[in-house]
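Trainee: Please find one structure pasted underneath; my questions will follow.
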Amino acid sequence: MQATQTRTAGQTQAAQEQQAPAAGPALTAVQEARAQAVGRTIRCPVCQGLPITESPSDLSQSMLRDLRGQVAAGRSDDQITTYFAQRYGDTVLLDPPRRGVNLLLWAGPVVAAVLGGAWLLSYLRARERQAAPTPDAGPLADDPGDDTPDAYLAQVRAEAGRRQP
Amino acid sequence: MTDSPSSPSAPASPPAPTPAWRRFVPPVLAAVLVAALGVGLLRGNGTQDGGPLVGKAAPDFTLQTIDGGRVSLASLKGRPVVLNFWASWCVPCRDEAPLLRDLSEKQSANGLAVVGVVFSDKDLKSVRSFVQEYALAYPSLLDPNLNTAITYGVSGVPETFFIDKGGMVRGYDQGGLTRERLQAGLTKIGVAF
């Protein structure tokens, strides 16, 4: 391993590089806006749900500088997000890709709303049918706001029938 | 609740009982949701058995050592490499340092290579103290802009990549090596410890 090392600038330069991160590339206003927009979709890996544009951590700042460099190099938004996802996994994306298991995230609420809506509709219709006036139901069934349990209602009706002369 | 003025007909028959299967729907739904949550939690982020880079070519780098030397991954091609990201402020890094030191004693000219990369550690004095304290006999590289850390997807230390002779990442470990986990990683790159 030692053979792979060659002395160059020396310890002083090493210390300086360790202390002073390089500045990012100069971007036009449009490029900077694009870098910020893409950066808002990249999660800071060492924070809780913060995008790298809002995190002061060294890692986020370095990732943002890397991202700005890619924007300057003319890479597309997809290429940039793929670059980070390939290294950190999809969890680095604040906007999860719509594929694979992630589809559950997007489709789940829609499916739940449709199924829940269908169930609610059928329940309301069934209740409406039960609440409709019948020849022997009398005024008890006329109350649209009646939410007496069915068994209890049947018992009341039975008792009412017995009390008739 | 008054006496009904309606005709004295027979009392209404009780409604049909709820079908048995319908009673099982809520608990089954809840069980499915809990199971899905459990699978998601247990599956985790794949940090132990395979990071996103496993099975891919290890990104090349050329970095300066704390002594002013320079090491590139390309220069190690043909050798299995253990690439360890660490920091002097990282407690698990201290726990695994003796293991890596022992491992580095098995290095040979054309055999295993152990390389450390300092992660987000601006205090060079502490870095040197760490190296001296654990007598690390392998190069510790400086990554001041974290560029190499980002190309490897490092988010916290320690993280270790096991790179085979062909330059492919075959294993990954996060959170601190134990002898068993180190051996498991080395086995993937054909090295016995």
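The values are calculated or read from the model by the stated rules, or taken from the named source; none is laboratory data. These numbers come from a predicted model, not from an experiment. Neighbour counts are summed over all protein chains in view; Cβ atoms, including those assigned to glycine, are modelled from backbone coordinates with ideal geometry. All accessible areas refer to the heavy atoms of the entire protein, side chains included, with ligands and DNA or RNA removed. Shrake-Rupley method; radii C 1.70, N 1.55, O 1.52, S 1.80 Å.
Trainee: Mind checking the mean number of beta-carbon atoms from other chains within 10 Å of the Cβ atoms in A:83-90?
Mentor: Other-chain Cβ atoms within 10 Å of each residue's Cβ, averaged: 5.
Trainee: Please list, in order along region B:151-156, the HN-Hα scalar couplings obtained from phi with the Karplus expression 6.51 cos²θ - 1.76 cosθ + 1.60 (θ = phi - 60°), rounded to whole Hz, x for Gly and Pro.
Mentor: 3J(HN,Hα) across region B:151-156, in whole Hz: 5, 9, x, 7, 10, x.
Trainee: Right, here's the next one. Evaluate the distance, in nm, between pseudo-label points positioned 7 Å from the Cα of A:LEU115 and of B:LYS56 along their respective Cα→Cβ axes.
Mentor: About 3.5 nm, to one decimal.
Trainee: Do you know the relative contact order of chain B, to the nearest whole percent, from alpha carbon pairs under 8 angstrom that are 6+ apart?
Mentor: Once divided by the residue count of chain B, the mean separation gives 26 percent.
Trainee: I'd like the mean, over residues of A:40-53, of how many other protein chain beta carbons sit within 10 Å of each residue's own Cβ.
Mentor: Counting other chains' Cβ atoms within 10 Å and averaging over A:40-53 gives 1.
Trainee: Return the distance in nm (one decimal) between the two label points of a simple spin-label model at B:ASP123 and A:ARG162, each offset 7 Å from Cα along Cα→Cβ.
Mentor: Reported label-point gap for B:ASP123 and A:ARG162 is 8.7 nm.
Trainee: Taking all protein chains in place and a 1.4 Å probe, what share, in percent, of the accessible surface of region B:93-159 do carbon and sulfur account for?
Mentor: 43
Trainee: What does the accessible area per residue of region B:49-193 come to in Å², with a 1.4 Å probe and no ligands, DNA or RNA counted?
Mentor: Per-residue accessible area for region B:49-193 comes out at 37 Å².
Trainee: 5 Å is the cut-off here: which amide hydrogens, built 1.01 Å from N in the peptide plane, fall below it relative to B:TYR172, excluding neighbours closer than 5 in sequence?
Mentor: For B:TYR172, whose amide H was placed from the backbone, the distant partners under 5 Å are B:GLY51, B:PHE162.
Trainee: Now a separate question. Loop-only check: which trypsin sites (Lys or Arg not before Pro) in region B:58-153 are DSSP coil with at most 13 other Cβ within 10 angstrom?
Mentor: B:LYS106
Trainee: Can you tell me the FRET efficiency between B:ALA135 and B:ALA74 if r is taken as the Cβ-Cβ distance and R0 is 30 Å, rounded to the nearest 0.05?
Mentor: 0.60
Trainee: For a quick protection proxy, order the peptides A:121-130, B:79-88, B:184-193, A:58-67 by their average other-Cβ count within 10 Å, most packed first.
Mentor: B:79-88, A:58-67, B:184-193, A:121-130
Trainee: Per residue of A:150-161, count partner chain C-beta atoms within 10 Å of its C-beta, then hand back the mean as an integer.
Mentor: Per residue, the number of nearby Cβ atoms from other chains is 5 on average.
Trainee: Can you give me the angle between helix B:179-188 and the longest principal axis of chain B, using Cα atoms only, in degrees from 0 to 90, rounded to the nearest 10?
Mentor: Helix B:179-188 sits at roughly 80 degrees to that axis.
Trainee: Sum up the lysine pairs in chain B that clear both bars: alpha-carbon distance under 27 Å and a spacing of 8 or more or different chains.
Mentor: Final tally of qualifying lysine pairs is 10.
Trainee: Stretched out fully, how many nm does the piece from A:THR91 to A:VAL30 gain, at 0.36 nm a residue minus the Cα gap?
Mentor: 19.2 nm
Trainee: Now for a different question. By the gyration tensor of its Cα atoms, with a ≥ b ≥ c the square roots of the eigenvalues, what is the shape of region B:107-173: rounded for a/c under 1.5, prolate for a/b over b/c, or oblate?
Mentor: It is oblate, given that a/c is not under 1.5 and a/b is not larger than b/c.
Trainee: Here is a follow-up. Quote the total accessible area buried by chains B and A together, excluding ligands, DNA and RNA, probe 1.4 Å, nearest 100 Å².
Mentor: 4100
Trainee: Further question on the same structure: Using 7 Å Cα-to-Cβ label points, what is the A:GLU54/A:ALA73 separation (nm, one decimal)?
Mentor: Output for this residue pair reads 2.8 nm.
Trainee: Would you calculate a helix-derived [θ] at 222 nm for chain B, using -39,500 (n - 2.57) for each DSSP H run of n ≥ 4 and dividing by the full residue count, to the nearest 500?
Mentor: -10500 deg cm²/dmol
Trainee: So, R0 is 25 Å and r is the distance between the beta-carbons of B:TRP21 and A:ARG129; what FRET efficiency does that work out to, to 0.05?
Mentor: 0.70
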